[in-house]
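What follows is one structure encoded as structure tokens, with my remarks underneath.
The values are calculated or read from the model by the stated rules, or taken from the named source; none is laboratory data. Keep in mind the model is a prediction, meaning the values are calculated, not measured. A quick note on method: Cβ atoms are made from the backbone with ideal geometry, for glycine too, and the neighbour counts reach across all protein chains shown.
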Amino acid sequence: MRSWQQSVVYQIYPKSFYSHAGTATGDLLGVVAKLDYLQWLGVDYLWITPFLQSPQRDNGYDISDYYAIDPSYGSMADCELLIAEAGRRGIRVMLDIVVNHTSTDHAWFQQARSSRDNPYRDFYLWRDLPNNWQSKFGGSAWEYEPHTGQYYLHLFDRSQADLNWDNPQVRAEVFAMMRFWRDKGVGGFRLDVINLISKPAGFPEDASDGRHFYSDGPNVHRYLQEMHREVFAGHDLLTVGEMSSTSLAHCVRYSHPQANELSMTFNFHHLKVDYPNLQKWELAAFDFLQLKRVLSDWQTGMQHGGGWNALFWCNHDQPRVVSRFGDDGPYHVVSAKMLATALHFLHGTPFIYQGEELGMTNPGFEHIEQYRDVETLNIYRLKHLAREPVASSMATIRQRSRDNGRTPMQWSAQPFAGFSSAEPWIGVAANATHINVECQRDDPASVLHHYRQLIALRRSEPLMVDGVYRLLLCDHPQVWAYLREGRGERLLVVNNFYTATCLVELPESVLAGCSVQRVVIGNYPDCAVPGRQLLLRPYESFVVHLAEAG
């Protein structure tokens, strides 16, 4: 068993984590200042979203120099201090890198756009005429470059030009850069949209937006195996790939240990269950049965295929889960705990996004001027051009915007949530006065202490790591129940996803031949050891350890 299979990863969005310098944005020394808190929480790895040099058109996912720290975050010395101080506390730092594309400010692109015969021209993807592929941020995926009279591909913002991974010089440069950071002491890499790096020759098109042509493209596995040989082999590194519009079969291949590609993968299928007809920018209630089905399919498929899941509800690109699948009103605490329990007992490595351990909510901004995200602003512009009423557009943005996950970390009830002495780059949620670290650290019944308990349980409950997943009550409209089984033992995990109280009956086989030993964790203080019939209160959740009757 690899160490990262028993670990918990904490994701930091440094721009919004903590400002050591007392400025509008967070910095690397701000992360250093909070390492004692992270050690107390019990996490093993810190995934820090990009802090390399960038014009910040897409909040750091548009890198202009892979070897330099963006001045807004600090210096290389600050980075080295962070790696060293985290290591002293038994925590390893993961670097988030973007190698599907670079910023158009990158020296490679500046050379490439200077002339068609420049040596760097083939580092990027050019066409005389665009095809119909669409950018994931809206509009065409092609941008005209007037100096050389061709279009370059950008699957994201037009300031993010896609690299040509079919060029071996590109791969050599990327691998050299990754070795530089590996040798600096980082404990792993999070690879942004890594399954999009291989585009098919000729850029085929049909009536779609093009994503099925370049997602998990023709050479992606070969290139990741080359990355493994050149960078990862022989080193203790956690590597996780963000997989856009991917498939289960591909993710088994990406993360199978014998494939020599990656440790684990992120997929997003479970976070599309509230997208009507897969349309992110339309509103609908989430489909609970689909949520159970998708997560269960990936649990059984990855486990049986030998792959490994990265488990998550939230990240810097997603709304806050308690506002999405839980309740950010009267049942805020119990629903946040329920969602945590439901995720952490699955097969895979859990990722906690900053503030998730507090039950941070969407901020509920009312005006477009309060938003900073390039995707959100682009969508608002397109909705305006389509004459959609402002009230309707804003209702959608309040639920869907990536800025929901990017508001400042809520440290205390002090001004600006204790994030900085200066006004932050983006607004603070109003509920920071009572949802914050300072309040919850002193409250053993808080969401924060529930997360701390879940993290500790991964070291004492082996079935959380290697138990076989089995779904129960698959058609129940409000309860997600499952088992983790192995070595003659079982963990029974039961979660009510709604405010309504309900009575459920477990299949007879669940308790047959077993003696109930103990409640492992629950989100109500008076959780009792259950029998076959369960009366579940709003958002009630618990885990029970079962053993064969001896």
- Task: Report yes if VAL32 is within 16 Å of the chain's Cα centre (by Cα), surrounded by fewer than 24 Cβ atoms within 10 Å (Cβ to Cβ) and touching a residue at least 40 places away in the same chain (Cβ under 8 Å), otherwise no.
- Result: no
- Unmet criterion (only one of (1) touching a residue at least 60 places away in the same chain (Cβ under 8 Å); (2) touching a strand residue (DSSP E or B) at 6+ places or on another chain (Cβ under 6 Å); (3) within 17 Å of MET338 (Cα to Cα)) for ILE455: (2)
- Taking into account only those residues within the range 118-158 that are of a type in the set (Ser, Thr, Tyr) and buried (at least 21 other Cβ atoms within 10 Å of the Cβ), which is nearest to the chain's Cα centre (by Cα)? SER135
- Query: Of everything in the range 479-495 that's of a type in the set (Gly, Ala, Ser) and in contact with an Asp or Glu (Cβ under 8 Å, 6 or more places away or on another chain), which residue is surrounded by the fewest Cβ atoms within 10 Å (Cβ to Cβ)?
  - Reply: GLY488
- Filtering the range 533-550 down to residues that are in contact (Cβ under 8 Å) with a residue 40 or more places away in the chain and of a type in the set (A, V, I, L, M), which residue is surrounded by the fewest Cβ atoms within 10 Å (Cβ to Cβ)? ALA547
- Message: Report every pair of residues separated by at least 6 positions or lying on different chains whose Cβ atoms are under 6 Å apart, first residue within the range 278-294 and part of a loop (DSSP other than H, G, I, E, B), second exposed (fewer than 14 other Cβ atoms within 10 Å of the Cβ) and not small (Gly, Ala, Ser).
- Response: GLU282/PRO276; ALA284/PRO276
- Determine, yes or no, whether HIS221 is closer than 30 Å to GLN5 by Cβ and not in a helix (DSSP H, G or I). no
- Message: I want to confirm something. Restricting to the range 425-451 and keeping residues that are farther than 18 Å from ASP327 by Cβ and polar (S, T, N, Q), which single residue is surrounded by the fewest Cβ atoms within 10 Å (Cβ to Cβ)?
- Response: THR433
- Would you confirm whether any residue within the range 301-315 is part of a helix (DSSP H, G or I), at pLDDT 95 or above, touching a strand residue (DSSP E or B) at 6+ places or on another chain (Cβ under 7 Å) and crowded, with 17+ Cβ neighbours inside 10 Å? yes
- Task: Filter the helices (runs of 4 or more DSSP H) completely within the range 346-458 down to those with at least 3 residues that are more than 23 Å from the chain's Cα centre (by Cα).
- Result: 374-385, 390-400, 437-441
- Item | Any chance ASP328 is within 30 Å of GLU438 (Cβ to Cβ) and surrounded by fewer than 24 Cβ atoms within 10 Å (Cβ to Cβ) | yes
- Task: Those residues that are touching a residue at least 40 places away in the same chain (Cβ under 8 Å), more than 13 Å from VAL220 (Cβ to Cβ) and surrounded by fewer than 22 Cβ atoms within 10 Å (Cβ to Cβ), I need them from the range 250-262; list them, please.
- Result: VAL252, HIS256, PRO257, GLN258
- Message: Taking the criterion of being surrounded by 16 or more Cβ atoms within 10 Å (Cβ to Cβ) and assigned to a helix (DSSP H, G or I), would at least one residue in the range 496-505 satisfy it?
- Response: no
